[in-house]
Amino acid sequence: MGHFAVIAPPLYSHFHALQALAQTLLARGHRITFIQQADARTLLSDERIDFVAVGQQTHPAGSLAPVLHRLASPGGLSLFRVIDDLASCTDMLCRELPAVLKALNIDGVIADEMEAAGGLVAEALHLPFVSVACALPVNREAGIPLAVMPFRFAQDDKALKRFQASSDIYDRIMRRHGDVILKHARAFNLTERRGLHQCLSPLAQISQMVPAFDFPRQQLPACYHAVGPLRAPVSPAPLHAPWPALRQPVVYASLGTLQGHRFRLFLHLAQACRQLRLSLVIAHCGGLNAEQTHQLELAGAAWVTDFVDQRAALQHAQLFITHAGLNSALEALECGTPMLALPIAFDQPGVAARIEWHDVGRRASRFSRVHQLEQHLQQLLTDDRYALRMSAIQAQLQRAGGCQRAADIVEQALCQQQVVLAEAT
């Protein structure tokens, strides 16, 4: 059995998906250790998974909260602070991981695609590693817009030029992060590189995205595996309030763990739903206070809470209002619930573009006026074709394999490569 290290950005959605994969590997007898700054320990809920804190000098306890605050509002000049935060985390991990991985006698690395340090350090130490895309995959391909871009798929000359120009702009904006990747690649005597897409595993790349929901890609590597959502093999009974009796139709709204503080957007949604006589359920993930919750109920929301069992909510609801995070979108597709996507940051514009392109929902600006939101909601609730178009994606998600298939891939890539490396030495 192997001892595998998990390297991921300190974000709930990424740790949650990788913890599910870790639990599957634990059940097969492997040992799993997450390595990140001290505050990330709270993102793990399974005590069987080991955690090692690094970066005590540069990323001490208490330093993650302001980083997450900036991530929750990354627009304008704060975007460059966010990029500095990402670069700082990668720099810290590249400096500290080599000694830690050696001390722990790590056999292989499970590297989140959004943290370049996992692949860089594994490659430098000649450790086998797999890449995991918890968000949209970062693989680049001519004719496919970057994951962070809001563009619909198209192949005309204007679209192709737009995709390339946006990639160039993105690389310039991300230069600080790219410089850190380049610095450590040189220090590790690796081939020069500047982007996340250049730090992926040649052994196995695991993605939650399935082809039926993606744009039509033609150049994914042979080691790319679409396994669908990484979800805990055994889920404990949810500690949530029982689902109340609500007037139909029900609309469920959640903006994820980072964006639940957006009171004004929730207020506009409540007002739009009241006008249409819809029962709006809001899960703000702890982002709102009691007074704001009360104001939303006065504005027309039927139920406002911090957390709900999202799968149960999607099964009760006729419509899902989402920030277009990949995990949330995939859950809605599995449940056959059409979406109104209100993307805010990161890969959410890319997910929203796929929702719109596949016609399984609609996309709107988070700055939409109440009457505009009403129009989107009315269209989604009166057109049955949105739900019908999900069938092909649902079928692919059902047979994708999830954590069990992902664990098979990890074992094949990491355990077999261990044997090859041992024989070579």
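Just so you know, all these numbers are worked out from the coordinates, no wet-lab data involved. Treat the numbers as computed from the prediction; the structure is a model and nothing was measured. For neighbour counting, all protein chains shown are included, and Cβ atoms are generated from backbone atoms with ideal geometry for every residue, glycine included.
The modelled label-to-label distance for the pair F80/R277, using points 7 Å beyond Cα in the direction of Cβ, is 5.3 nm.
Here the chain is treated with +1 on each Lys and Arg Cβ and -1 on each Asp and Glu Cβ, and its dipole about the Cα centre works out to around 860 debye.
Axis of helix 78-103 versus longest Cα principal axis of the chain: the two differ by about 40°, to the nearest ten degrees. Of the trypsin sites (Lys or Arg not before Pro) found in region 254-353, those in coil by DSSP whose Cβ has at most 10 other Cβ atoms within 10 Å are R277. Over the chain, the reciprocal of the mean inverse Cα-Cα separation, the Kirkwood hydrodynamic radius, stands at 22.3 Å. Compared with the direct C-alpha span, the chain from R162 to R186 gains 5.4 nm at full extension, assuming 0.36 nm per residue.
For region 2-132, give the magnitude of the charge dipole about the Cα centre (Cβ charges: +1 Lys/Arg, -1 Asp/Glu; no others), in debye to the nearest 20.
Details: 8 positive and 13 negative charges, 33 e Å.
Charge dipole of region 2-132: 160 debye, to the nearest 20.
Histogrammed with a bin width of 10 Å, the alpha carbon distances of region 250-398 distribute as 12, 47, 35, 6, 0 percent, first bin at zero. Electrostatic tally near V360: other residues with Cβ closer than 10 Å to its Cβ, Lys and Arg +1, Asp and Glu -1, net +2.
Counting only alpha carbon atoms, the long axis of helix 12-27 and the longest principal axis of the chain meet at about 60°. Between Q315 and Q372, the distance separating the two model label sites (each 7 Å from Cα on the Cα→Cβ line) works out to 3.6 nm.
Here is the tail figure for region 255-296: Cα pairs spaced more than 14 Å apart come to 43 percent of all pairs. Computed about its Cα centre, the charge dipole of region 250-398 is approximately 340 debye, with only Lys, Arg, Asp and Glu carrying charge at their Cβ.
Annotation: extensible slack from T382 through D46 equals 116.7 nm (criterion: 0.36 nm per residue apart, minus Cα-Cα distance). Approximating the spin labels as points 7 Å out from Cα along Cα→Cβ, the Q398-to-Q155 distance works out to 3.0 nm. Secondary-structure-derived ellipticity at 222 nm for the chain, considering helices only, amounts to -13500 deg cm²/dmol, per-run term -39500 (n - 2.57) for DSSP H runs with n ≥ 4. What shape does region 148-293 have by the C-alpha gyration tensor, where a ≥ b ≥ c are the square roots of the eigenvalues, rounded means a/c under 1.5, and otherwise prolate means a/b greater than b/c and oblate the rest? Because a/c hits 1.5 or more and a/b exceeds b/c, region 148-293 counts as prolate. Here region 354-415 and region 257-322 have alpha carbon centers that stand 20 Å from each other. Relative to the longest principal axis of the C-alpha atoms of the chain, give the angle of the C-alpha long axis of helix 326-335, reported between 0 and 90° and rounded to the nearest 10°. So the helix axis and the longest Cα principal axis differ by about 60 degrees. Compared with the alpha-carbon gap, the fully stretched path from R28 to R264 is longer by 80.3 nm at 0.36 nm per residue. Within the shell of other residues whose beta carbon sits under 15 angstrom from the beta carbon of N289, the net charge comes to -1, with Lys and Arg scored +1 and Asp and Glu -1.
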